[in-house]
1. Being assigned to a helix (DSSP H, G or I) and either charged (D, E, K, R) or farther than 15 Å from A:P97 by Cβ (or both) narrows it down to one residue among A:R335, A:R318; which is it?
2. What tally of residues in the stretch B:178-208 results from selecting those that are closer than 15 Å to B:V292 by Cα and in a loop (DSSP other than H, G, I, E, B)?
3. B:G176 - would you say it is at pLDDT 90 or above and in contact with a helix residue (DSSP H, G or I) (Cβ under 8 Å, 6 or more places away or on another chain)?
4. I want to confirm something. Restricting to the stretch B:222-237 and keeping residues that are under 28 Å from B:S283 (Cβ atoms) and in contact with a Phe, Trp or Tyr (Cβ under 8 Å, 6 or more places away or on another chain), which single residue is modelled with the highest pLDDT?
5. Can you pull out the residues in the stretch B:244-276 that are of a type in the set (S, T, Y), surrounded by 24 or more Cβ atoms within 10 Å (Cβ to Cβ) and within 11 Å of chain A (Cβ to nearest Cβ)?
6. From the list B:S243, B:S270, which one is closer than 22 Å to B:R202 by Cβ, assigned by TED's automatic domain parsing to the domain that holds B:H194 and within 20 Å of the chain's Cα centre (by Cα)?
7. Search the stretch B:216-243 for residues being aliphatic (A, V, I, L, M) and part of a loop (DSSP other than H, G, I, E, B), and hand back the single one that is surrounded by the fewest Cβ atoms within 10 Å (Cβ to Cβ).
8. Looking at the stretch B:318-337, can you tell me whether even one residue there is within 12 Å of another protein chain (Cβ to nearest Cβ) and either touching a residue at least 12 places away in the same chain (Cβ under 8 Å) or more than 27 Å from the chain's Cα centre (by Cα) (or both)?
There are 2 protein chains.
Amino acid sequence: MSRSSHPDATALQPERSRLSPRPVKDMSIDDVAAQAGVSVATVSRVLNGHSNVRAETRDKVLAAVESTGYRVNELARNLRTAESRLLLTMVPNFGNPFYAEIVRGIDSVARQHGYFMLLCDTGADPGRERSYFEMLRRRRADGAICLDPAAAQQALSEELNTLPWVACCEFDADVGVPYVGIDNYRAAGDAVMHLLARGHTRIALINSGDGYLYAQQRERGYLDALHNAGVDPDPRWQVHLDSLDYEAGASAAAILMAQAEPPTAIFTVSDTLAIGVVKGLRSVGKRVPDDVAVVGFDDISLAAQIDPPLTTIAQPMRELGETAARLLLKRLANRSANVPGVLLPHRLVVRGSA
Amino acid sequence: MSRSSHPDATALQPERSRLSPRPVKDMSIDDVAAQAGVSVATVSRVLNGHSNVRAETRDKVLAAVESTGYRVNELARNLRTAESRLLLTMVPNFGNPFYAEIVRGIDSVARQHGYFMLLCDTGADPGRERSYFEMLRRRRADGAICLDPAAAQQALSEELNTLPWVACCEFDADVGVPYVGIDNYRAAGDAVMHLLARGHTRIALINSGDGYLYAQQRERGYLDALHNAGVDPDPRWQVHLDSLDYEAGASAAAILMAQAEPPTAIFTVSDTLAIGVVKGLRSVGKRVPDDVAVVGFDDISLAAQIDPPLTTIAQPMRELGETAARLLLKRLANRSANVPGVLLPHRLVVRGSA
DNA sequence: TTGAAAGCGCTAACAC
DNA sequence: GTGTTAGCGCTTTCAA
């Protein structure tokens, strides 16, 4: 039986008033039962909001709970009900502000359904990632949402398929794991077409490592958009970075501009990178957007704050998180439910940088 | 007899790799014991690395674990050992990059000691905060680290004292809860003295809400530093904000500059605010630092990236987190241990903005 | 409407 | 070194 279908037990356990002293030892359900003069079964029923309890009995139990300062031991409850009510969220790097809003979306849906969310920083390390999936196998968590790159690929070769998890942002539609994300190919195309429409043809791409599926998809979107416009992309303008942080973007931009024929526009697969690019450009004396236009990706809250404000592809981060959580919950509720993959819309946000 | 050892079981599960068949049903320690021809106690000993097991027996058990695909059920283990091995970390807002590195520090120490860390976003809401403390009482978590403002104050009036938690960054030394933080009073003084040394006397303070202890401490540091220099602080230059985000800083700066006698320097209690201030200043045509100098607080990684790079007070964020985790672990190991309060050093980092 | 009792899967005495 | 067994604190049949 789902606990969330009943009134929250918290409501039945009011904060202890200052008048009633703290229990000397930990109270168990037996103590409450003894105190109320009923059986433990009845206490349990009251705690879980079952209706088949006489009002008078319920009051006795509640009074006993109050006077003993009893708190349910969820360790015991979890064992009995065989669920931990914990959801894992795996992110490659929670210092990256892109994830913050997604995680909020997940958290809010999880809480609404009586789950807690455990945020796990994997450092995009498959080893750590696996250690978190291991938590699922050990019943420490009921399910997981993975924003990490490696998992989707590993799911092909391992029995990760059978575990209750969903992919968010990073996904492989062929792998049989429920997912939510955006159409990275088209989003990248939109960014490039915006730059083309502004008259740019020497358009660089600053990408993350190839380990990321989205990196591959956005690269194809970039290349195809260029081809469709009859522009021949210069391979020297495509750079892959291991890191998404500001510094990485800054130095990549400086290196790009040191070329004989430097690009006049830079498309970057993340806003954090783009912010670094703007700084890097400035450090070599280039103005944005006059000398070089910059387009980012994600639309983190910072994007509108920098100088110049960043033109970028907005991802619906909150919805991404909420949707991921809903898919997972659906899967948890019914293990054999056919949970779909879903693609959410992106949006080009034009600001000052391009 | 375990069904997965039957050849047919594999054939019935085509989606799994044929190399390592997974169990059809969940294996328990009894299944492993049966498979290995030993008792459950022996299996438990092997699993927990006890030394008093014959090597030969150990191998038998390990082989049985392998062949059954057994995973320990930590729900059961937790009930038996009466610990969840989960630590809570409560932050008012995990979108704020200031917390990211602290949380990393906590996480790394926790993991080293076999604990998982659950990150909780309280939104600085005492209600949500209490619901997390409630998790402690219900044995869902073993201990907590709180970076939230309200807890310290509440600890005075409630029996929060008796719960296993430590305060980080936001603390009240009088409250009897172990804590780690910096000397906010002196740090603010250092920032103001730097500005004074640069010749400023019209120095504004953009502070957060009074609910934050650090806000009060930094305000006193600011006021006293000014007094000590014989400067009379203009009350119109002290603003309190509900929010720490970029927008809040931007509009506060604009309003400050609209005064008849606007300040020539702004000290801000957080880098995020300071970044907003720089943008707000720019939007009303003021140059930084030529027209107005800006000093931030925290030294988040972004601080060095913006234009101009931010002068700020650096907090040792990683160490703050690591120390908090160690204090908590110490308290958990020995409930009656006398866990101290600790103050870590801050540092003025001079960059371009002041 | 209530109670008695059987476990959930594990660890740790205690016995051999 | 290894096995037997008694719980950990709860939920949930099943009977009354």
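1. Details: A:R335 fails: assigned to a helix (DSSP H, G or I).
Unique residue meeting the criteria: A:R318.
2. Residues meeting the conditions: 5.
3. Values: at pLDDT 90 or above: no; in contact with a helix residue (DSSP H, G or I) (Cβ under 8 Å, 6 or more places away or on another chain): yes.
Considered against the rule, which asks whether it is at pLDDT 90 or above and in contact with a helix residue (DSSP H, G or I) (Cβ under 8 Å, 6 or more places away or on another chain), B:G176 comes out as no.
4. Filtering the stretch B:222-237 for residues that are under 28 Å from B:S283 (Cβ atoms) and in contact with a Phe, Trp or Tyr (Cβ under 8 Å, 6 or more places away or on another chain), the one modelled with the highest pLDDT comes out as B:Y222.
5. Taking the stretch B:244-276 first, the residues of a type in the set (S, T, Y) are B:246, B:251, B:264, B:268, B:270, B:272.
Adding the requirement that they be surrounded by 24 or more Cβ atoms within 10 Å (Cβ to Cβ) leaves B:268, B:270, B:272.
Of everything in the stretch B:244-276, just one residue is of a type in the set (S, T, Y), surrounded by 24 or more Cβ atoms within 10 Å (Cβ to Cβ) and within 11 Å of chain A (Cβ to nearest Cβ), namely B:T272.
6. Working: B:S243 fails: closer than 22 Å to B:R202 by Cβ.
Sole residue among the options that is closer than 22 Å to B:R202 by Cβ, assigned by TED's automatic domain parsing to the domain that holds B:H194 and within 20 Å of the chain's Cα centre (by Cα): B:S270.
7. B:A229
8. Our first condition is that a residue be within 12 Å of another protein chain (Cβ to nearest Cβ); within the stretch B:318-337, this holds for B:318.
From what is left, the residues that are either touching a residue at least 12 places away in the same chain (Cβ under 8 Å) or more than 27 Å from the chain's Cα centre (by Cα) (or both) are B:318.
Among the residues of the stretch B:318-337, at least one is within 12 Å of another protein chain (Cβ to nearest Cβ) and either touching a residue at least 12 places away in the same chain (Cβ under 8 Å) or more than 27 Å from the chain's Cα centre (by Cα) (or both), which makes the answer yes.
The values are calculated or read from the model by the stated rules, or taken from the named source; none is laboratory data. The structure displayed is predicted, hence computed values, not measured ones. Ideal geometry is used to build each Cβ from the backbone, glycine not excepted, and the neighbour counts take in all protein chains shown.
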